[in-house]
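To start, the structure under review is shown below, and the notes come after it.
The values are calculated or read from the model by the stated rules, or taken from the named source; none is laboratory data. What you see is a predicted model; the values in this text were computed from it and never measured. Note that we place each Cβ from the backbone using ideal geometry, even for glycine, and neighbour counts take in every protein chain shown. Heavy atoms of the whole protein, side chains included, go into the accessibility calculation; ligands, DNA and RNA do not. Shrake-Rupley method; radii C 1.70, N 1.55, O 1.52, S 1.80 Å.
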Amino acid sequence: MSKKYILAVPNFSDGRRPEVIEAIAETIKNREGVKLVSCEPEYDFNRTVLTIIGEPAPLKEALLDMAAKSYDLIDMREQKGTHPRIGGQDTIPLFPLSNITLDECKELAEEIGKELFEKHQVPIFFSGQNARTENKKSISYIRQGQYEGLKELLDDTNHPDYESRRPDLSVDGKLDPKYGATIVSADMEGLTAYNVFLGTEDVSIAKSIAKAVRGPSGGFSTTRAVGIKFPEREGVVVSINMFDCASTPLYRAYELIKLEAQRYGVPVTGSELVGPVKLDYLLNNLNHYLGLQGLRKEQILEYHLMG
């Protein structure tokens, strides 16, 4: 019988302290049935994204231990960063990878959220397919105001948005001062993080282009984008979260950014993927740029090495 595998892409709110990042990542390593594929700290965002593949039972235990370590080492009263966040262990999203259904991932997400609350009394928001309301299907809705703004809102039980914004599991309907809250979810597809670099130091250009790319302001419905400056490198960045690279391939976002950049006389100097990506999401770009017809994964020799 084929083994079942789930993809988990949790992020925690520290990308600057190597000893903290290593301690949290260490909870995933050397476990039977679980593989830490990548650990991607982002200094400016001050968050780290882990990509993990695992069988359901050992993956669950690994994620519970990871979150416990994040709660221990990250204090949201002191944490600062440019990436939206509401908790030390900010998100735990699950996706079916092989021989497993979305419903099974949803059930596991429920178990993880409930056990984290029971063990740590950390407030839990369920999102994606586990969301209790339509609005909470979106992580960006849950994160509105970030830790500081959401904490202030929930401290006022008379606030008109209190009931709609409160955690799904909590002791008192508020954020924990130290832990914040954790968002647990299951969905069919995860996001692909994609950065496109521009040859200018004018961040307003990156922000204008990001507005043209992201769905809510007229761009692709399956993308969200921001224009930012990474202090550690030259130029500015259009940083994109792509939620469906089958419907909106990477090349389509890349070409739109090139087209928009021409208006400002600014070159696109390159791009990067943050973390692992599905093979299919690279092949559709190969098909497009080379005009290949009928390319199959089976034609790639390394594909046959995959278990």
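Segment 1-134 gives an Rg/Rh value of 0.95, both radii derived from C-alpha positions and Rh following Kirkwood. Pairwise inverse Cα distances across segment 210-268, averaged and inverted, put the Kirkwood hydrodynamic radius at 11.9 Å.
Over 30 Å between Cα atoms: which of Lys4/Lys119; Lys29/Lys258; Lys80/Lys136 fall into that group? Violating the 30 Å limit, Cα to Cα: Lys29/Lys258.
Taking the DSSP bridge list for the chain and keeping only pairs wholly inside it, about 80 percent are antiparallel.
Accessible area ranking (1.4 Å probe, heavy atoms, ligands and nucleic acids excluded), largest first, for Arg132, Arg31, Arg85: Arg132, Arg31, Arg85.
Computed with a 1.4 Å probe over protein heavy atoms only, the accessible area of His288 comes to about 90 Å². Each residue was assigned an accessible area with a 1.4 Å probe, and for Arg252 the value is about 100 Å².
Quick one: Cα centre-to-centre distance for segment 138-200 and segment 48-94, in angstrom? Going from one Cα centre to the other spans 14 Å. Each of (i) -0.59, -0.85; (ii) -0.51, -0.75; (iii) -0.70, -0.78 is a candidate for log10 I(q)/I(0) by the Debye sum over Cα atoms at q = 0.10, 0.12 Å⁻¹; the one calculated from this structure is (i). Think of it as helices only: each DSSP H run of n ≥ 4 in the chain is worth -39500 (n - 2.57), and spread over all residues that comes to -10000 deg cm²/dmol at 222 nm.
Taken about its Cα centre, segment 42-123 carries a charge dipole of about 300 debye when Lys and Arg each add +1 at the Cβ and Asp and Glu each add -1 at the Cβ.
In the context of the full protein assembly, Glu298 retains an accessible surface of approximately 90 Å², using a probe radius of 1.4 Å and ignoring ligands and nucleic acids. Under 1.5 on a/c is rounded, so check that first for segment 93-138, then, if it is not, pick prolate when a/b is larger than b/c and oblate when it is not; a ≥ b ≥ c are the square roots of the alpha carbon gyration tensor eigenvalues. Note, shape of segment 93-138 comes out oblate. For Lys278, the lysines whose Cα comes closer than 17 Å to its Cα, not counting residues fewer than 8 places off in the same chain, are Lys35, Lys297.
For the chain, a crude dipole built from +1 on the beta carbon of Lys and Arg and -1 on the beta carbon of Asp and Glu, taken about the Cα centre, is about 640 debye to the nearest 20.
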